[in-house]
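A short write-up of the structure that comes next.
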Amino acid sequence: MTSDIDLALVKLRGVTGDGVSPDTIWYFVSDGPPVAKSRARWSRKSRGFYTPGKTSEAEQTLGWRFKESMKGQKLSGPVAIIAVFFRPYYQRIDADNLMKLVMDAATSAQVWTDDCMVTAQAGFMELDIKRPRTLVAWCPTTSSLNREWRFLCVYCGKKFNRLGIAALSKPPKFCSSACRY
């Protein structure tokens, strides 16, 4: 029987290729049955939306696990992430809703600037009646879709990023007003 880290390494290499070094991988195991991200609910009493308690509690728990693993570091560049959900029973559940909770927890824990930096992800479901848990592993990866730097200054050649304007039909040509003039 393989250990959780061995399984995480195999699954992560399946997503990113063989170039992943064990030294650049972060991972954790969160015990307890995996929780799917629930949609927001409307409350007549408070006249507003709220997130169900089970969902927010699970997201907070995973967020703390991400923060513990990263120790204040933040990834800047393409990221690959996998999650293996060990379920205690055969009940039907969507893997994308399980993965959504993991992604939102990582974003709130500031593992990366934005979850658009995740260029490779995979969620796997397994059965483990005796020990339900969630195994999460992530690492920097290479991708042609690097969202860290979107533009190249035509004057100085410096790479730069302007959030929110990457989809413009006329992308910016200069990194600063000094290069422009």
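The values are calculated or read from the model by the stated rules, or taken from the named source; none is laboratory data. Predicted model, so just to flag it, every value in this text is computed and none were measured. No Cβ is skipped: glycine too gets one built from the backbone with ideal geometry, and neighbour counts run over all protein chains shown. With ligands, DNA and RNA removed, areas are computed over all heavy atoms of the protein, side chains included. Shrake-Rupley method; radii C 1.70, N 1.55, O 1.52, S 1.80 Å.
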* Hey, which lysines would be in cross-link range of Lys170, C-alpha to C-alpha under 21 Å, not counting anything within fewer than 8 residues on its own chain? -> Lys158, Lys159
* Check: the chain dipole with +1 on Lys, Arg Cβ and -1 on Asp, Glu Cβ, in debye -> 980
* How many percent of the accessible area of segment 1-125 is carbon or sulfur, using a 1.4 Å probe? -> 49
* Asked: What would the Debye formula give as log10 I(q)/I(0) at q = 0.12, 0.19, 0.20 Å⁻¹ for the alpha-carbon point model of segment 73-167, no solvent?
  -> -0.49, -0.93, -0.99
* Structure fact -> Taking 120-133, 56-69 and ranking on average Cβ neighbours within 10 Å, highest first, one gets 56-69, 120-133
* Asked: In debye, nearest 20: dipole of segment 5-104 around its Cα centre with unit charges on the Cβ of K, R (+) and D, E (-)?
  -> 720
* Rule-of-thumb check for the chain: C-alpha Rg over 2.2 N^0.38 Å? -> 1.23
* To do: Would you kindly calculate the translational diffusion coefficient of segment 15-119, applying Stokes-Einstein with the Kirkwood radius from alpha carbon pairs, for 20 °C and a viscosity of 1.002 mPa s, and quote it in µm² s⁻¹ without decimals?
  => 140
* Structure fact -> Phe49 and Ser3 label points (each 7 Å along its Cα→Cβ direction) are spaced in nm at 4.2
* Asked: Roughly what % antiparallel, to the nearest 5, for the DSSP beta bridges in the chain?
  -> 65
* **Over the chain, relative contact order from alpha-carbon pairs under 8 Å, at least 6 apart, %** => 27
